[in-house]
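Let me begin by presenting the structure, written as structure tokens, before commenting on it.
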């Protein structure tokens, strides 16, 4: 059995000190150790993006990192992005523009989209589609997902809050 390693991370604004096996993936740490099950395990090969979180402000696939690699970092999961009473504009966009069906990919899509909007507040449709290429959805044709991101961009810019093509 591998010797455990002490890590300290700030997840959704709360500091956590944990003893973990060096081989524990960040996605499993978040889900199993911290109980944050909004981050999904989809493929275990970094293909689907369902496990996307923000690590020190950048979108990463948490199935590609060990928890020990996040030591000293700040992590935001879907649970920390908004709340039931105060949705993040991207979460609101997914709701308003029907950007989800089964919802399995939704947390990863939202985290990737929020990262895009942090870097590029007014992306074109092409830029949105490119930014979401690493996230797979098996239920939709992506059109409403793009509209949801456009909605969020407009809302964050103080515009009317509707998708650009409406």
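The values are calculated or read from the model by the stated rules, or taken from the named source; none is laboratory data. All values reported here derive from a predicted model rather than from experimental measurement. When we count neighbours, we look across all protein chains shown, and the Cβ atoms used for this are built from the backbone with ideal geometry, even at glycine.
Some points to look at:
- Considering residues of the stretch 82-99 that are under 16 Å from residue 142 (Cα atoms) and buried (at least 20 other Cβ atoms within 10 Å of the Cβ) only, the residue modelled with the lowest pLDDT: 99
- Residue check for residue 38: in contact (Cβ under 8 Å) with a residue 40 or more places away in the chain, touching a helix residue (DSSP H, G or I) at 6+ places or on another chain (Cβ under 6 Å) and either closer than 22 Å to residue 8 by Cβ or assigned to a loop (DSSP other than H, G, I, E, B) (or both): yes
- If the condition is being more than 22 Å from the chain's Cα centre (by Cα), surrounded by fewer than 13 Cβ atoms within 10 Å (Cβ to Cβ) and closer than 11 Å to residue 71 by Cα, then the stretch 1-18 contributes 6, 17.
- Residue within the stretch 124-139 that is crowded, with 19+ Cβ neighbours inside 10 Å and farther than 23 Å from residue 37 by Cα present: yes
- Under the condition of being in a strand (DSSP E or B), touching a strand residue (DSSP E or B) at 6+ places or on another chain (Cβ under 8 Å) and either under 18 Å from residue 55 (Cβ atoms) or free of Cβ contacts under 8 Å to residues at least 12 places away in the same chain (or both), the residues counted in the stretch 1-35 number 12.
- Filtering 52, 76 for residues that are crowded, with 22+ Cβ neighbours inside 10 Å and touching a residue at least 60 places away in the same chain (Cβ under 8 Å) leaves a single hit, 52.
- Residue within the stretch 141-163 that is crowded, with 20+ Cβ neighbours inside 10 Å, closer than 23 Å to residue 57 by Cβ and either in contact with a strand residue (DSSP E or B) (Cβ under 8 Å, 6 or more places away or on another chain) or at pLDDT below 95 (or both) present: no
- Any hit, the stretch 63-78, residues being under 16 Å from the mean Cα position of the chain (by Cα), under 19 Å from residue 146 (Cα atoms) and at pLDDT 95 or above: yes
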